[in-house]
């Protein structure tokens, strides 16, 4: 599906008109007033189903605090960041700086699949998953609080299948940063 957008404003028209008087090249390269824009490259149904299942699988590992099971879903050199982290290079560092501080401290982690968007490159070798999520956090006194957030994950496909190569997971605004549960890590 294509849609048309108006890209010219009065100041742009005046700018190009002024340039045209003294610069023939500028007048000839003036952008068209309307541009056709393609729709977002949404994933096909088979790929969409695959990534919805991937999200369910990963969320289950988070709920179980099962690092060993979750690791193979990610490239060893994954680039990640969260709400207040700069780029975290590599899976081991990401586990130490984010997973260790979140997974054992929260419960009920789930992606909101009905609000998830999945995009894919035309050759289906790269995909982007944009998904809100929910979880439960805990105040120091043990009282639970809603802990929603959102994630963007970039995937690359190779001969072995799909691996997440970038993850950005962050809390929604106003959600307490620290949670105080203390669940054991499986691996």
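Please treat every number below as a calculation from the coordinates, not as lab data. This structure is a prediction, so every number in the text was calculated from the model and none was measured. Counting neighbours? That spans all protein chains shown, and the Cβs are built from the backbone with ideal geometry, glycine included.
Some observations on this one:
- Whole-Å semi-axes of region 45-171's equivalent ellipsoid (Cα gyration tensor): 25, 17, 13
- Order of 124, 164 under a 10 Å beta carbon neighbour criterion, fewest first: 124, 164
- Full extension of the chain between residue 172 and residue 156 yields a length gain of 3.1 nm, computed as 0.36 nm times the residue separation minus the alpha carbon distance.
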